[in-house]
Every structure is written in C-alpha cells, then in structure tokens.
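The values are calculated or read from the model by the stated rules, or taken from the named source; none is laboratory data. All values derive from a computational prediction rather than experimental measurement. Virtual Cβ from ideal backbone geometry, glycine too; neighbours counted across all protein chains shown. Surface accessibility is based on the protein's heavy atoms, side chains included, excluding ligands, DNA and RNA. Shrake-Rupley method; radii C 1.70, N 1.55, O 1.52, S 1.80 Å.
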Amino acid sequence: MSNRTYICVDCRTTKRAEAAGGLKTNLRCSSCGGPLWELSHRWRIPKKADRKSWEELAKTVAQSRPARDAFVLARAKSKLAEIDRQIEAFSSRKPSEQREKILKDLAHERSQVLRQYLDSGIQLDTNPQA
Ligand SMILES: [Zn+2]
C-alpha cells in the first residue's frame with residue numbers, strides 16, 4: 001500500500017503513514033492525541049505558522065467528511081454484496097470439501113470486512129451472517 005499524509009488541523013501536525021482508504025486508524029496527533037485526518041489527495045500542506053491556510057484546510061476537511069463517509073460506506077456495501085454473491089454461487093454447487101473450504105473462507109472474509117467497517121463507525125444495515 002502507498003503512504004498518505006495524515007493531519008490534525010487543530011494542532012497543524014502531520015504524519016506520514018500507510019494509506020487506510022478513509023477507514024479509522026489508530027494514528028494519533030503527536031500534540032493533542034486526537035484522531036488524524038487522512039488526506040486523500042496530494043493536498044498542499046501549509047507551513048505550520050501559516051494560520052490562514054490551515055484554517056482553509058480545516059474547512060476543506062470538514063466539507064469533505066460527508067462525502068468521504070458516503071464513499072467508504074458505498075465501498076463496504078459493494079464489497080459485501082460481492083462476497084454474498086460468491087457465497088450464493090458456491091452454496092448452490094454440489095457439496096465437496098473444496099466448496100466447504102471456499103465457503104468458510106468467504107464467511108471469514110465477510111466477517112472481517114464487517115468488523116473493519118463497524119470499527120470505523122460505519123453503520124451497515126446487513127445481517128452479520130449470510
Ligand atoms: Zn492535534
């Protein structure tokens with residue numbers, strides 16, 4: 001995975017870390033200990049003393065939040081739908097050891113996706129088990 005810049009607009013701190021794709025991370029601001037915002041684009045990071053630019057950036061972050069949340073939710077739903085489609089396809093096959101293994105793997109993958117998104121506070125109105 002590629003690296004991204006994470007920022008705290010309150011403290012004007014930055015951190016480089018592996019991309020999380022908008023999901024919640026354990027990364028914390030080195031100054032206030034608060035959560036960091038993952039920059040999805042190659043936004044210009046203002047100099048620390050440039051208060052006005054940081055205020056602009058804070059506004060952009062606040063404006064981006066609903067779209068980011070909607071994007072992450074849509075991606076989660078499409079991932080789950082794809083896993084469910086595969087589960088359905090394999091379920092209708094003749095029983096075999098391989099089928100059982102694939103179904104087990106898919107169920108595991110599904111619960112991992114669910115956990116990952118629930119941990120990020122994303123509400124998914126789906127059944128926990130297919
Ligand atoms: Zn901070």
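Some notes on this structure:
- nm² value of the averaged projected area, convex hull over the Cα atoms of the chain: 9.3 nm²
- Only protein atoms count toward the accessible area here, which uses a 1.4 Å probe; on the range 3-65, the carbon and sulfur part of that area reaches 45 percent.
- Simple rule: put +1 on each Lys or Arg Cβ and -1 on each Asp or Glu Cβ in the range 69-119, find the dipole, and look at Ser96, Ile83, Ala107; the Cα lying farthest toward the positive end is Ser96.
- Cα-Cα over 27 Å, subset of Lys47/Lys79; Lys77/Lys104; Lys15/Lys59; Lys24/Lys101; Lys15/Lys77; Lys15/Lys52: Lys47/Lys79; Lys24/Lys101; Lys15/Lys77
- Selected from Trp54, Ala20, Ser40, residue furthest toward positive end of dipole (the range 3-65; charges at beta carbon): Trp54
- Between the helical axis of 51-91 and the longest alpha-carbon principal axis of the chain there is an angle of about 0 degrees.
- Computed from point charges on the beta carbon alone (+1 for Lys and Arg, -1 for Asp and Glu), the dipole magnitude for the range 69-119 about its Cα centre is near 160 Debye.
- Between helix 97-119 and the chain: long-axis angle, C-alpha atoms, 0 to 90°, nearest 10: 30 degrees
- Förster radius 25 Å - calculated FRET efficiency between Lys104 and Asp69, Cβ distance, rounded to 0.05: 0.20
- Global form of the range 69-119, assessed from the alpha-carbon gyration tensor, a/c cut-off 1.5: oblate
- The range 3-65 - percent relative contact order, Cα under 8 Å, separation 6 or more: 32 percent
- Taking amide H as placed 1.01 Å from N in the peptide plane, Thr13 has its amide H under 5 Å from the amide H of Cys8, each at least 5 places away in sequence or on another chain.
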